[in-house]
Every structure is written in structure tokens, then in C-alpha cells.
Amino acid sequence: MLNVVEQPGRHALIRIPPATRAVVTWNADAAAGGITLVAHRTDGSVSNPLLYARWSAGERRSLDGADGMTRIAIDVLHSEVPLSGIGVASTVALDAVAVAIPPPPDARAPVRRRVASLDVPRISQYVRRHPDERGWCSAAALAMLLRFHGRDADVASVAHEVFDSAYNGTGNWSFNVAYAGARGLRGMVAYLRGIDHVAAFVEAGFPVAISIGWRPGQLPGAPLDASDGHLIVVRGIEPAHVLVNDPAHPAVAVRYPRPALDVVFREHGGVAYLVAPRPRTGELIALANAVEVVAR
């Protein structure tokens, strides 16, 4: 489920179905700010303000706030008692705030056998001027989405803008989509229900960056034997394969077996970056919460 509030100002309370895990993302035009969260739980308890993130022109930092029952781990809110809502307080006016929670484990989207490939720019995560940087997959995936939507972007610049000085890396999901928001787009994290669900976005004209992880032998054709976490961009669907831009692959534009990619996406949590022009926010929400999603 994805719940989005546009133009919330500095405060919002977003109610959600009971969940023990959630990702809160935001878009803001301000160059500097800070966000705290308040966990509302199904037992009626409410947390103290939990420090979440702050950003400025020179630094972005996750703050890992916690109390006895709820904690923030970089970009994911975990709670021993299920959450029923999340309060968001910001030091600056927000253009949008979103809360994503995982779908039921047996949920699937309707099958889409074939979706035409989108013309997504091919961008490698390996930058010649930065030969020691090997973990820029998230920045590269986001750069592809930004350039697809008409925003100039290169990997090194995106990596600089999304770098989390506490996490010491560029893979903070919330900071990545916040940067898309700062570039005049709508960016949010969502939990999707497998490759068929991703296909619905591609069919609507939205390439999607998905977070995957795999063990040896799980993803034939992958440039790495295994990965604990990697971002790629889905641009098209075939009956037996998924057309992707993998920033770690020498060719970038490759095809992965559809069943294998579905498994490594779902097993890794089904997390995706959704980026679109702001006027199309409603389409992203509708696709994320598609009522035709069925269990099987």
C-alpha cells in the first residue's frame, strides 16, 4: 500500500493498515530541512518524536531515531507493535510525503505478458573519473529515471546529492527519491508485488528502479555472482524475459529471465523507486494500489 499526501505543509498524520514495517519518503523544494516521525501503534500507544533525517546543501544524514517499541534503521521504520499511522513533522514545508508498507506475502498483480520497451538512457555505475567507487548503482538507476523524465543528471553528481553521511553510502532510498523531488519531479518509494506489478508502471510509461538481491546461481546473466542489494531499471517486459538497464553490467541494456528476476525482487522485499512528473502523481498512487491485485 502507498499513501501519499501532497502539499502537507510541515505536518501530516498518515493512517495505514496495520504493519510492522514502513518507508516514509518526502519531496521538498527547500535546500535544507529536517524530519521527525511519530509512530502511532495499534495498541493505542504513541511514540515520542523519532529523529529521521536532516539535509542541507553540504550534507544529508539519517538519524535512526528509536524508542522501546519502534526504531528507524536508516530509511525503514520497524515496530514490534504494528503501526496504525505515522506522524510526519518537518522544519520546512513539504511538497509531498508518502508512506509505503509491504503488501501481503501472497499478493500478485495481474499478468502482463508483454510491454513495449521504454527508451531509458543507458548509464553505468562505473565512472572513469572515480575508479574507486563501485557502489553507485542507486545513483546510476536514479540518474536514468531523471534523464528519462527530462532532467540532466550524471552519476557522480547524483551520488554526491544522495550520499548519506551516517550510512556512508548512496543507497538511502528516501534520500534518492527526495532528490528526484528536489528536481521538480515526484519521487517516492513503494513496495510492489513482483514483476507483473512493475509491468503495469512500464505499460503506463514509467520506468521503475527496483531493488534486488541474489545468491549464486539465482540470476542467470548477472554481472556479479551474488549481491546483498542492487538497483536496476525495468524498461520493458517479454513473456520469458525482463528488459532492464543494469548499471553494473558492461552492456547496461540486458535481458534477465523473468521468473528468476521476479524471485530475487520479491525475496529482497519488492522495493521500488517511482519517479514521474508531479501532475502524474495520482497515476503512480493508483498503480501502486491497483484494486485488481489478487491473491493466488
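Values in this text are rule-based calculations from the coordinates and carry no lab data. Please read these numbers as outputs of a predicted model, since none were measured by experiment. Positions of Cβ are generated from backbone atoms using ideal geometry, with glycine treated the same way; all protein chains shown enter the neighbour counts.
Values computed for the structure shown
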| read-out | value |
| --- | --- |
| Phi to ³J(HN,Hα) by Karplus 6.51 cos²θ - 1.76 cosθ + 1.60 over the stretch 125-132, Hz, x for Gly, Pro | 7, 9, 10, 4, 6, 10, x, 8 |
| Shape metrics for the stretch 196-276, restricted to C-alpha atoms - Rg then Dmax, Å | 11.5, 34 |
| Diffusion constant of the stretch 1-157 at 4 °C, which comes from Stokes-Einstein with the Kirkwood Cα-pair radius and 1.567 mPa s, µm²/s | 73 |
| Rg/Rh (Cα only; Kirkwood hydrodynamic radius) as it applies to the stretch 71-197 | 0.99 |
| For residue 86, net neighbour charge (Lys/Arg +1, Asp/Glu -1) across residues whose Cβ lies under 14 Å away | +2 |
| Under-5 Å amide H pairs with residue 96, H placed in peptide plane, nonlocal only | 7, 27 |
| Largest-first principal axis extents, alpha carbons of the chain, Å | 48, 48, 38 |
| Cα-based Rg of the stretch 124-246 normalised by 2.2 N^0.38 Å, two decimals | 1.05 |
| Unit charges on C-beta of K, R, D, E only; dipole of the chain, Debye | 460 |
